[in-house]
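Structure record follows, encoded as structure tokens.
The values are calculated or read from the model by the stated rules, or taken from the named source; none is laboratory data. Being a predicted model, the structure only gives us computed values, none of them experimental. FYI the Cβ positions are ideal-geometry reconstructions off the backbone, even for glycines, and counts take in every protein chain you see.
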Amino acid sequence: MSHVKVEPGVWSLLDGTVQTQARVERQGDEAIVTVRGRRIVVRIEDPRAWSGTGAGRTGSGTAKVLSPMPGKVVRVLVAAGDTVEKGQGLVVVEAMKMQNELKSPLDGVVQLVQAEMGATVMANQILVVVVANDAG
């Protein structure tokens, strides 16, 4: 599928021979996308911008740690069942010859590790899931 910005907030989408128009309205950290009369609300999050506030990052809930960009996993620092502290390194991803240590956004227990050493990962791919200590 290809896309072209026609004007601010309007995109032309081409999937094979099918052309569709999408309208996008930004409202804070959400976007309302309208395609063929159907409205979809999309929440926009940048995992690199997590500041310790918001759902799943205040010490309660579940946090999905995502790869910020395509790259290669060079180290996995935790295993499922490990107890971690906010700010503790979980996995190291190398991209553009730079290593990025992805850290836990909360105190908790590692529920799932999907990162494997040497694996290629895509942007926004879930690498580790951490459940807060008080999330049960």
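Only one of Gly118, Gly81 is in contact with a Lys or Arg (Cβ under 9 Å, 6 or more places away or on another chain), on the phi > 0 side of the Ramachandran plot and not in a strand (DSSP E or B). Can you tell me which?
Working: Gly81 fails: in contact with a Lys or Arg (Cβ under 9 Å, 6 or more places away or on another chain).
After ruling out the rest, the residue left standing is Gly118.
What do you reckon, is Pro47 modelled with pLDDT under 90 and touching a helix residue (DSSP H, G or I) at 6+ places or on another chain (Cβ under 6 Å)?
On the way: modelled with pLDDT under 90: yes; touching a helix residue (DSSP H, G or I) at 6+ places or on another chain (Cβ under 6 Å): no.
For Pro47, the condition - modelled with pLDDT under 90 and touching a helix residue (DSSP H, G or I) at 6+ places or on another chain (Cβ under 6 Å) - is not met.
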For Gly54, indicate whether it is at pLDDT below 85 and part of a loop (DSSP other than H, G, I, E, B).
yes
Only residues in the stretch 15-28 that are free of Cβ contacts under 8 Å to residues at least 40 places away in the same chain count as the first member; pair them with residues that are exposed (fewer than 10 other Cβ atoms within 10 Å of the Cβ) and not hydroxyl-bearing (Ser, Thr, Tyr), Cβ under 6 angstrom, at least 6 apart or cross-chain, and list the lot.
Asp15/Met1
Among residues of the stretch 57-68 being closer than 14 Å to Glu101 by Cβ and not in a strand (DSSP E or B), the residue modelled with the highest pLDDT is Ser67
